[in-house]
Amino acid sequence: MNKISVAPMVDRTTKEFRNFFRMFNKSSTLYTEMISAQAIINGDIDRLLKFNDIEHPIALQIATHDKDYAKEAIKIANKYNYDSININAGCPSDRVSNNKMGAYLMSEPELIVSIANEIRKVTDKPITLKHRIGIDGKGILEDDRLMDSYEELLEFVDKVSNNTDINKYIIHARIAILKGLSPSENRTIPPIDYDRVYRLKKERPNLNIEINGGIKTLEEVENHLKYVDSVMIGRQAYDNPMLLNEFNISRYEIIEKLIKYIEENKEVKPYHITMHSLGLFHSTKYSKIWKNVASNSRIESTDLKNFLKELDKE
Ligand SMILES: Cc1cc2nc3c(=O)[nH]c(=O)nc-3n(C[C@H](O)[C@H](O)[C@H](O)COP(=O)(O)O)c2cc1C
């Protein structure tokens, strides 16, 4: 499981989700949601960045287009001891692209180089990059630039790797279409092309390459690992978390742990914890009833105890 990571996902990989996940998995790397460098500089940093020791290994993902903001943000984040810093060069949302962040950055590798090198001045932690296999910049980039060939991907990665010490490239094996698709469509419509990622690893064996996009089973993970160093799973890890249950612990025991967590963290609304566990009974006969229980915005730990009594009757 240490060759698998759980993808950064806004509104999903919150601190509460990560603590839930650690109830059954200790070795997969977790990511924060994408946090903009400016939010760190101007925001409530404990709320944005504080995490529990149990969440290690954990990476902080930042979105930025500005090397000075990036450096300032990581200087602030140093207080929290993240295991690595990840730069987002894969998010396709219009809002993010218009701010020259996310997948837009693939059109300006020099900017990524300057951001990474500026971050390096304030941290010794590994810096990693999450990106796509290419971008379609129609309507956003000059000359409606399309970057959709293996050669352009290689040139991009070479420019970054030859000029920074970024040691790991996490590649969502689809291009990002910068205008006209919603982020969710950008996770389904551009076709998946794992071969391009495999070829990159083959031609640049010294780089640490992690593959991402549409991976749903441990068999698929095994297969990818024949060609790349590691695998990142997003939606399936959230929707079917038991896929990554490395302790072989039962759902019953996980709910007992959830109850304990809720009772020990009174400052957190219980719903903000249980809402991230809706997939716990994925594809079992309890799926619907669990979703009803866990998605109640006024849920309390007694509701979980009552649910366990139902499970007991089986
Ligand atoms: C709800 C949601 C939010 C996401 N937020 C982020 C994000 O903050 N940063 C990022 O790099 N990718 C984000 N992604 C993309 C995922 O990290 C991942 O690259 C993508 O879902 C493909 O992997 P999958 O097919 O295993 O889900 C998000 C995806 C989803 C579904």
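Please treat every number below as a calculation from the coordinates, not as lab data. Worth saying up front: this structure is predicted, and the values here are computed from it rather than measured. For neighbour counting, all protein chains shown are included, and Cβ atoms are generated from backbone atoms with ideal geometry for every residue, glycine included.
At 0.36 nm per residue, and after removing the present C-alpha to C-alpha distance, how many nm does the segment from ILE54 to ASN42 gain when stretched out fully? Show your work: numbers first, answer last.
On the way: separation 12, 0.36 × 12 = 4.32 nm, distance 2.70 nm.
My answer for the length gained is 1.6 nm.
Rank LEU200, GLY279, VAL6 by how far each Cα sits towards the positive end of the charge dipole of the chain (+1 on Lys, Arg Cβ; -1 on Asp, Glu Cβ) and give me just the farthest.
GLY279
Would the range 16-142 count as rounded, prolate or oblate if I go by the C-alpha gyration tensor, calling it rounded below 1.5 in a/c and otherwise prolate when a/b exceeds b/c, oblate otherwise? Could the numbers behind the result be given before it?
Details: a/c = 1.93, a/b = 1.52, b/c = 1.27.
Judged from the Cα gyration tensor, the range 16-142 comes out prolate (a/c at least 1.5, a/b above b/c).
What span do the alpha-carbon atoms of the range 251-312 cover on each of the three principal axes, reported in whole Å from largest to smallest?
Ordered largest first, the range 251-312 gives principal extents of 33, 20, 15 Å.
What are the lysines whose alpha-carbon lies under 29 Å from the alpha-carbon of LYS309, with same-chain residues fewer than 8 places away excluded?
Straight-line reach from LYS309, under 29 Å: LYS15, LYS26, LYS257, LYS260, LYS266, LYS269, LYS285, LYS288, LYS291.
Please figure out what share of the DSSP beta bridges in the chain is antiparallel and state it in percent, rounded to the nearest 5. Provide the component values of the computation, followed by the final result.
Values: 2 of 35 bridges.
In the chain, approximately 5 percent of DSSP beta bridges are antiparallel ones.
Report the paramagnetic label zone for LYS75: residues of the range 109-131 whose backbone N is under 19 Å from a point 7 Å from Cα along the Cα-to-Cβ axis.
Counting only backbone N, you get 114-125.
Based on the alpha-carbon gyration tensor of the range 1-52 and its eigenvalue square roots a ≥ b ≥ c, which shape applies: rounded if a/c is under 1.5, prolate if not and a/b is larger than b/c, or oblate?
On the way: a/c = 2.62, a/b = 1.95, b/c = 1.34.
Judged from the Cα gyration tensor, the range 1-52 comes out prolate (a/c at least 1.5, a/b above b/c).
Sequence gap at least 6, Cα distance under 8 Å: using those rules, report the relative contact order of the chain to the nearest whole percent. Present the calculation step by step, with values, prior to reporting the outcome.
Values: 562 pairs, mean separation 49.3, N = 314.
Over the chain, the number comes to 16 percent.
Cβ neighbours within 10 Å, averaged per peptide: list 103-115, 49-61 in order, most packed at the top. Mind dumping the intermediate values first?
On the way: 103-115: 21.4, 49-61: 16.8.
Top to bottom by mean Cβ count within 10 Å: 103-115, 49-61.
How long is the gain from SER149 to ASN162 if the chain were fully straight, where each residue apart is worth 0.36 nm and the alpha carbon distance is subtracted? Spell out each step's value before the answer.
On the way: separation 13, 0.36 × 13 = 4.68 nm, distance 1.99 nm.
Extra length from SER149 to ASN162 when fully extended: 2.7 nm.
Could you tell me which residue out of VAL293, ASN42, ILE62 lies farthest along the dipole of the chain toward its positive end? Charges go on the beta carbon: Lys and Arg +1, Asp and Glu -1, centred on the Cα centre.
VAL293
Quick one: length gained pulling ASN99 to ARG298 fully straight, 0.36 nm per residue minus the C-alpha distance? Walk me through the numbers before you get to the answer.
Details: separation 199, 0.36 × 199 = 71.64 nm, distance 3.73 nm.
Between ASN99 and ARG298, full extension yields 67.9 nm more.
What is the helix-to-structure angle for 301-312, meaning the angle in degrees between its Cα long axis and the longest Cα principal axis of the chain, kept from 0 to 90 and rounded to the nearest 10?
The answer is roughly 70 degrees.
With each label point set 7 Å from Cα along the Cα-Cβ vector, what nm distance links LYS305 and LYS3?
4.5 nm
By per-residue mean of other Cβ atoms within 10 Å, what is the highest-first order of 220-228, 271-279? Show your work: numbers first, answer last.
Numbers: 220-228: 15.6, 271-279: 21.0.
In descending order of packing, they fall as 271-279, 220-228.
In degrees between 0 and 90, to the nearest 10, how far off the longest principal axis of the chain does helix 194-203 point, with axes built from Cα atoms?
60 degrees
Using a Debye calculation, one point per C-alpha and no hydration shell, please list log10 I(q)/I(0) for the range 4-243 at q = 0.15 Å⁻¹ in order.
For the range 4-243 at q = 0.15 Å⁻¹, log10 I(q)/I(0) is -1.02.
With only Lys, Arg, Asp and Glu charged, each at its Cβ (+1 for the first two, -1 for the last two), find how big the charge dipole of the chain is about the Cα centre; round to the nearest 20 debye.
The calculated dipole for the chain is roughly 620 debye.
Based on Cβ point charges of +1 for Lys and Arg and -1 for Asp and Glu, what charge dipole magnitude is obtained for the range 251-312 about its Cα centre, in debye rounded to the nearest 20?
Working: 11 positive and 9 negative charges, 50 e Å.
With Lys and Arg at +1 and Asp and Glu at -1, about 240 debye.
Taking the alpha-carbon centroid of each part, what is the distance from the range 264-287 to the range 75-129 in angstrom?
31 Å
Ignoring everything except DSSP H segments at least 4 long, calculate the 222 nm mean residue ellipticity for the chain; use -39,500 (n - 2.57) per segment, divide by total residues, nearest 500.
Details: 14 runs with 121 residues, N = 314.
One gets -10500 deg cm²/dmol as the mean residue ellipticity at 222 nm.
Determine the dipole magnitude for the range 113-184: charges of +1 sit on the beta-carbon of Lys and Arg, -1 on that of Asp and Glu, nothing else is charged, the reference point is the Cα centre, and the result goes in debye to the nearest 20.
Values: 11 positive and 12 negative charges, 88 e Å.
In total the dipole reaches around 420 debye.
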